[in-house]
Amino acid sequence: MKALIALEDGTIFEGESFTGSGEISGEIVFNTSMTGYQEILTDPSYKGQIVTMTYPLIGNYGINQEDIESRHVQVEGFIVHEYQPFYSNWRANMSLAQYLKENKVLSVEGVDTRALTRHLRLKGAMKGVISTLDLDPVRLVKKAINTPSLVGRDLVREVTWPKPYYWKDGPVEEPHPVPMKPYRVVALDLGVKFNILRLLEKECTVLVLPAHTSATKILSLNPDGIFLSNGPGDPAGVGYVVETVRRLIGKKPIFGICLGHQILGLALGGKTFKLKFGHRGANQPVKNLLSGRVEITAQNHGFCVDFDSLDQEAVELTHLNLNDNTCEGIRHRHLPVFGVQYHPENSPGPHDASYLFDQFFELMKKHKIRG
Amino acid sequence: MPRRNDLQKILIIGSGPIIIGQACEFDYSGTQACKALCEEGFEVVLVNSNPATIMTDPEMADRTYLEPITPEVVAKVIEKERPDALLPTLGGQTALNTAVKVAEKGVLEDFGVEMIGASPQVIYKAEDRELFRAAMQNIGLRVPKSGIARDLAQARQIAQEIGFPLIIRPSFTLGGTGGGVAYSRMDLDLLVAQGLDRSLIREVMLEESVIGWKEYELEVMRDKKDNVVIICSIENFDPMGIHTGDSITVAPAQTLTDKEYQLMRDAAMAIIREIGVETGGSNIQFAVNPENGEMVVIEMNPRVSRSSALASKVTGFPIAKIAAKLAVGYYLDELPNDITKETRASFEPTIDYCVVKIPRWTFEKFPDTEDLITTSMKSVGEVMAIGRTFKEALQKGLRSLEIGCFGLDTGWLNDVLPSREEIEKNLLTPNSKRIFYLGAAFKAGFKCQEIYALTKIDPWFLQQVKQVIDLEQEIAGQKPLPLERLKKAKKYGFSDRQLSTLTKKAEEEIRDERKSAGLHPVYKLVDTCAAEFEAYTPYYYSTYEVEDEVRVDPTNKKKVVILGSGPNRIGQGIEFDYCCVHASLALREEGYTSIMVNSNPETVSTDYDISDRLYFEPLTLEDVLHIVEKEKPLGVIVQFGGQTPLNLTVPLHKVGVPILGTSPDSVDRAEDRKRFQVLLKKLGLSQPPNGTAVNLKEAIQVAQQIGYPVMVRPSYVLGGRAMRIIYDAADLKTYITSAVLVSGEHPVLIDKFLEDAIEVDVDAISDGKTIVIGGIMEHIEEAGIHSGDSACVLPPHTLKPEVCAQIKESTRALAKELGVIGLMNIQYAVKNERIYVLEVNPRASRTIPFISKATGIPLAKLATKVMLGKSLKEMGLTSEKEITHMAIKESVFPFDRFPGVDILLGPEMKSTGEVMGIDASFGLAFAKSQLAAGQMLPAAGNVLLSVRDHDKPALCTVAEKFHQMGFDILATRGTAAFLNQKGIPAKIILKVSEGRPHVVDCIKNGDIQMVVNTSLGKRRTQDSYLIRRACVEYHLPYATTIASAYAMAQGIAAIRHNQLTVKTIQEYTS
């Protein structure tokens, strides 16, 4: 079924839907990971976005039951060069198309995705519409223009789970049974990826709380540490979370990832800005300025902490992106607070930075002893 | 850490001659390393015996030793040069093994040389099976279980530990023969007994069977700060059980989820750390059980490899260059990514296309060996193709092979499909044509599941093949071809030629239809980053998409396209790539934009910084025309890439593409038999008497007329090349009736064979006015042995000056008459001081790099400039360069890879590579050439002589010489009788058919140090064949012609009297 992709700047790309008819809109972004489409599709940080894969063959290994990062598909739309209807992998139990159809996500193949990617690189991320229902380019471009922008928008409330839950091999409603883990962690769900919870679970009893939970409520639980998760959109759109975090800083060890890191930056008095086309992929080199070593990291962010806007007496730059020298990690010089812009929980992506979870455990340990 | 300033001088070891398993990828990596280290201001010393490499060009290193790569010679170089460091990881297994032996001799310690990149300990740990297994256990990884058995009882015990099925491999057999898979105790007993018998050391290895598992490779890099990155993942189309060099491989991995890929990545990082490779690249192979994802480690190469060359071309990331820089201290994040400029080398390339590598075999050259693909590599070359779909890349790759298939084109139409049995057999037993049988299987209605059961090729790949076949069937049944289907076909990689066969239209018609519909390919960039950053290196591939990225400057009129030589094969290898690289460099020196087209990932010519633009494309008319139409160059250079571009000359010329240099008509005059005869007659030159025949009767008549022996060859070849020397009518009858297809359209060509003539190769350069002889090379072996296979010496050592003068004169006359602009090669035969012209090729020959190295004259570069209109006079070359040293080219053969093949030489070329020996005298130069080719000439001991009657008189001098040097002579009955009669003492030794202990027993027992065996024709006598085969299996130096035996005797005499010394090529030619 023929589909058109219209960008807000008037550019049109043609393709074929492989998931039936429909029309959707969102910010169009590209991801350069060659593997991990299932994790990407289910990553809540992609709320409000249409994802283009730069690797041209997608669907090769089908869909399995384990590699999910949230309860359902989160992307608004999906664009690939050649969809692979025949999959092969010992864990696969359905095709990608079937999965997308079940989740009602409009997906298009046959697109010159490299041209689309180059366009976004040169012109910056932009809003777009995909449709099989309306094939009039002029109308579609107008729709693209009228699509709400991500800037200043609160997408977190669309992805945060409305009720608290515990994590044990998956979300569970009941309090965590024995055996007790060394630490008790509260994770603020701004659109958390399951793999973060899986990694925290190794050493922690994890209680996941909705994004709007108050600082008082969190502190009343007396956790050993607080985790600020990844999530979609503009950190400036979630002032209420920034406010909460401001009240938590200094009280308990805090670790933030991605949106959580940006919120830390804002709560510490800094600013954030939108990157031209963002970092989305599994090959981004980040230098750990404390060790001097380079980590290959998974990334997915369109906004970034402006390190210069922070009080450098109080906050230290710990990680630097080697491609564009943007801020990838900060820590407070005196308080138990640190965060990274990228995804040490990977999934998809390399495991180079999983040591950050150990750092969080260490920090909690230190504080527990001191406390 | 920046550059290490405690090092000044670094020694690099190259990989020597091109052999199966070690081809020009190591020239690519070595060249990059030399450039990288020179760029950093190090003094680079290089040892490599292969003159056809770019790395041995005098400008590439400060001091270049074109000397044999043996521990002794390398030790001499170290003693002379006193380098601070030795970098052994860029010259393949040869460099690694040699470096380890040099270290073991204590030479490095004695002269304070540090081994950088990988230490001997690292190399042992990676290569010793037991050490490697223990290392893997340390980090919680598994290798397939295995054990060594020397008798049946041991084998049974090991089998119990491993469990069935298991693989039995005899140690030290040729080409991995004699092994098998045991599914039961009974199989085990049988195979072990067989294996012990076949093994040269009565030993078999038993190994857990992972045959049929999925095979993967990762290319890993590490720096001194322990930063590790994965450059590329590769998935083998063919499962475990087939050598990766013989597998179709695909990049990136296609059927792993991210979870599985990351586990493999973690394992690779743990392995490079555990083995301890401090800096540089490594290649790690894994097998994955398709049923449950279980992963085992197969092996690790602690050096750059064939796969790292492929990974470099796949991603654009220059692994060898970066490895060299890491070895001298740099960290990955200190090095720029050349392609994007603004980002660093410390990242992992991501690609937005699919790459397929396909091996190229030459079984047709060895009809006595079975077309079987196993764990021992047999292919001599490979192609790589890039597409936006797997199907496109696969089909582009298949037509790049230049084997007469223009895609997944089985040549089998529906009505003539092979039988089900034949298909099944060819799917079950891997062979060079299996990919085409996959196509046939789908056409014959096989189900994917059935094919999987037979091949264990992952169903994902099978489905891709099926999609191609399905579309082919749709197209074949339809006329006219609708535009949408044509578009789809192009996206699936179908060539116009394939479509023309399917629709029964001419290729031009398809082309015109396509053009009028505006359907043409676009070019996309290989940029390491999937378009995330701007790329500055113009490295392109074609595909059928929307956006074209190629930056063609239409106002630039100074653009020249060079057509490369495609996949390496016997007869067309690195020598032609060397010429193409020189052409590109010369164009750039002259201010022209050089545009390279090639499909061979192993080469220097496909390095992104050799040319101004690189098109990684098949060398077919369609693909080349697209580039020409896009670029609109001043002209195309076809004379450097061997037969591949030459075959395109006429079709390109026909459609109006300007050809630079010698005109296509001149090429035709030299190639067309009739026109060539007229040409020679006009110049008063002779050629051996000859004729053509369209049937047996005529053939016998022609042969009788010109007299036996005759050289015969078909004008049209089915499978084999089938050129042969025939001694009588009976032989001719067999040949005509069984070996070739002869018809009115395809006559057989018959030439008088000049027995005992000396063959001479001449290379010359001409600008149309001035003609300069590059060099006259006298062959060691007599005429009748392919010029690519015989050793040759420059300058001629036995030809009289008058003969040489006559040769030069004829060469000039031919160049002038043909209007040669550029290079020309002529083969002559000299008999009784009379000169016969055998062949004229108005193009670069295989010997150009050899002459250039021996004389210091860069003939290919000069020829390129001549084609651009410069005169030789302007460039200061007006006369031949006389050299005072001797340079010998010796050929290297793949006989040990092909069980059952006779090692006799003939008119069919069989060698894969060459070495050069250079020294002051013939004897020393020849001895070096033998050493470099792996023939360890003995200084004393027993020499076996066994020759045909015809050669007996000539044998006397040889035997005399060995006798004088103190060798004991053993000879078979006839030869011994003859020698004794001539007063040369020779002891009789029994032939195999004469009882035991026979000659092969003596060889096995180490009682013979060298063998001279000549024989008439092919495998005429089993006895003589068994002697020759034993030489290969026991690595004895041997000669199969009297001429080469005599040369070897001279070489032995030289090394008995003189110590071998080493000298740089810069000193020889300055």
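Just need the relative contact order of the stretch B:919-1057 here, percent rounded to a whole number, with Cα pairs under 8 Å and 6+ apart.
This gives 34 percent for the stretch B:919-1057.
Just list whichever of B:LYS35/B:LYS853; B:LYS9/B:LYS881; A:LYS276/B:LYS341; B:LYS524/B:LYS630; A:LYS2/B:LYS505; B:LYS831/B:LYS987 have alpha carbons separated by over 23 Å in the model shown.
B:LYS9/B:LYS881; A:LYS2/B:LYS505; B:LYS831/B:LYS987
Among the aspartates and glutamates, which fall within straight-line cross-link reach of B:LYS769, defined as a Cα-Cα distance under 14 Å, with same-chain neighbours fewer than 8 residues apart omitted?
B:GLU817, B:GLU874
Do you know the relative contact order of chain B, to the nearest whole percent, from alpha carbon pairs under 8 angstrom that are 6+ apart?
So the answer I get is 10 percent.
Using the 10 angstrom Cβ neighbour count as an exposure proxy, how do A:HIS212, B:HIS653 rank, fewest first?
Working: A:HIS212 15, B:HIS653 18.
In order of increasing Cβ crowding within 10 Å: A:HIS212, B:HIS653.
If I stretch the segment between B:GLU817 and B:LYS224 completely, what's the gain in nm (0.36 nm per residue apart, minus their alpha carbon distance), one decimal?
Gain on extension, B:GLU817 to B:LYS224, equals 207.3 nm.
Would you kindly derive the ³J(HN,Hα) couplings of the stretch A:210-222 from the backbone phi angles with the Karplus curve 6.51 cos²θ - 1.76 cosθ + 1.60 (θ = phi - 60°), listing them in order in whole Hz, with x for Gly and Pro?
x, 4, 8, 4, 7, 4, 4, 4, 5, 5, 5, 7, 6
If you build the convex hull over the alpha carbons only and average its shadow over all orientations, what do you get for the stretch B:523-609? Give it in nm² to one decimal.
That works out to 6.9 nm².
Hey, got the average number of other protein chain Cβ atoms within 10 angstrom for residues in B:339-352?
The per-residue average across the peptide is 5.
Sort B:152-165, B:930-943 for me by packing, meaning the mean count of neighbouring Cβ atoms within 10 Å per residue, highest on top.
Output ranking for B:152-165, B:930-943: B:930-943, B:152-165.
Could you order the peptides A:49-56, B:791-798 from most to least packed, using the average number of other C-beta atoms within 10 Å per residue? Spell out each step's value before the answer.
Working: A:49-56: 25.8, B:791-798: 21.2.
Most protected by this proxy first, the peptides run A:49-56, B:791-798.
Per residue and in Å³, how big is the convex hull formed by the alpha-carbon atoms of the stretch B:357-517?
Spread over its residues, the Cα hull of the stretch B:357-517 gives 126 Å³ apiece.
In peptide A:111-121, what is the residue-averaged number of other protein chain Cβ atoms found within 10 Å of each Cβ? Walk me through the numbers on the way to the answer.
Details: counts 2, 8, 5, 14, 8, 3, 4, 8, 2, 2, 6.
So the per-residue partner count for this stretch is 6.
What does the convex hull of the Cα atoms of the stretch A:156-370 come to per residue, in Å³, rounded to a whole number?
Residue-normalised Cα hull volume stands at 113 Å³.
Taking beta carbons within 10 Å but only from partner chains, what does the mean come to for residues A:30-37?
Per-residue shielding by partner chains comes out at 6.
Using DSSP, restrict attention to beta bridges with both residues in the protein assembly as shown and report what percent are antiparallel, rounded to the nearest 5.
65 percent
Could you list B:ARG996, B:ARG846 so that the one with the fewest beta carbons within 10 Å of its beta carbon is first and the one with the most is last?
B:ARG996, B:ARG846
Per residue and in cubic angstrom, what volume does the convex hull of the Cα atoms of the stretch B:919-1057 have?
97 Å³
Suppose the chain between B:LYS982 and B:ASP151 were pulled fully straight at 0.36 nm per residue; how much longer would it get relative to their current alpha carbon spacing?
Once the chain is fully extended between B:LYS982 and B:ASP151, it gains 294.2 nm.
If one computes the Cα centroid of the stretch A:281-330 and of the stretch B:273-337, what distance in Å separates the two points?
26 Å
If each of B:ILE139 and B:ALA954 carries a label point 7 Å out from its Cα toward its Cβ, how far apart are those two points in nm?
In this crude label model, B:ILE139 to B:ALA954 measures out at 5.7 nm.
Hey, what did the stretch B:145-208 get for relative contact order, percent, Cα under 8 Å, at least 6 apart?
Relative contact order here is 46 percent.
Quick one: which of B:702-710, B:523-531 comes out on top by average Cβ neighbours within 10 Å, and what's the full order, highest first?
Packing order, densest peptide first, comes out as B:523-531, B:702-710.
For every helix of n ≥ 4 consecutive DSSP H residues, a contribution of -39,500 (n - 2.57) applies; sum these over the protein assembly as shown, divide by its total residues, and give [θ] at 222 nm rounded to the nearest 500 deg cm²/dmol. The partial results should precede the final answer.
Details: 46 runs with 474 residues, N = 1441.
When only DSSP H runs of four or more count, the value is -10000 deg cm²/dmol.
Shape call for chain B from the C-alpha gyration tensor, a ≥ b ≥ c root eigenvalues: rounded (a/c under 1.5), prolate (a/b greater than b/c) or oblate?
Rounded, because the longest to shortest axis ratio a/c is under 1.5.
From the mean inverse distance of alpha carbon pairs (Kirkwood) and the Cα radius of gyration, derive Rg over Rh for the stretch B:879-977.
When Rh is taken as the Kirkwood radius, the ratio is 1.02.
What is the order of B:TYR836, B:TYR727, fewest Cβ neighbours within 10 Å to most?
Least crowded to most crowded, the residues run B:TYR727, B:TYR836.
³J(HN,Hα) across the stretch B:430-444 via Karplus (A = 6.51, B = -1.76, C = 1.60, θ = phi - 60°), whole Hz, x for Gly/Pro?
Along the stretch B:430-444, the couplings run x, 8, 5, 9, 4, 4, 6, 5, 4, x, 4, 4, 5, 5, 7 Hz.
Give the long-range amide H neighbours of A:ALA3: residues separated by 5 or more places, or on another chain, with amide H under 5 Å away, using H modelled in the peptide plane at 1.01 Å from N.
Those qualifying (amide H under 5 Å, at least 5 residues apart or on another chain) are A:GLY15, A:GLU16, A:SER17.
Summarise the long-distance tail of P(r) for the protein assembly as shown by giving the % of C-alpha pairs beyond 64 Å.
Value for the protein assembly as shown (Cα pairs over 64 Å): 16 percent.
Most fluctuating residue of A:ASN89, A:ASN300, A:ASN60 in a GNM of chain A with Cα springs under 10 Å: which is it?
Answer for the Gaussian network model of chain A: A:ASN89.
Throughout, read-outs are computed from the coordinates displayed, never taken from laboratory work. In this text, all values refer to a predicted model and were calculated from it rather than measured experimentally. Don't worry about glycine lacking a Cβ; one is built from the backbone with ideal geometry, like all the others, and counts go over all protein chains shown.
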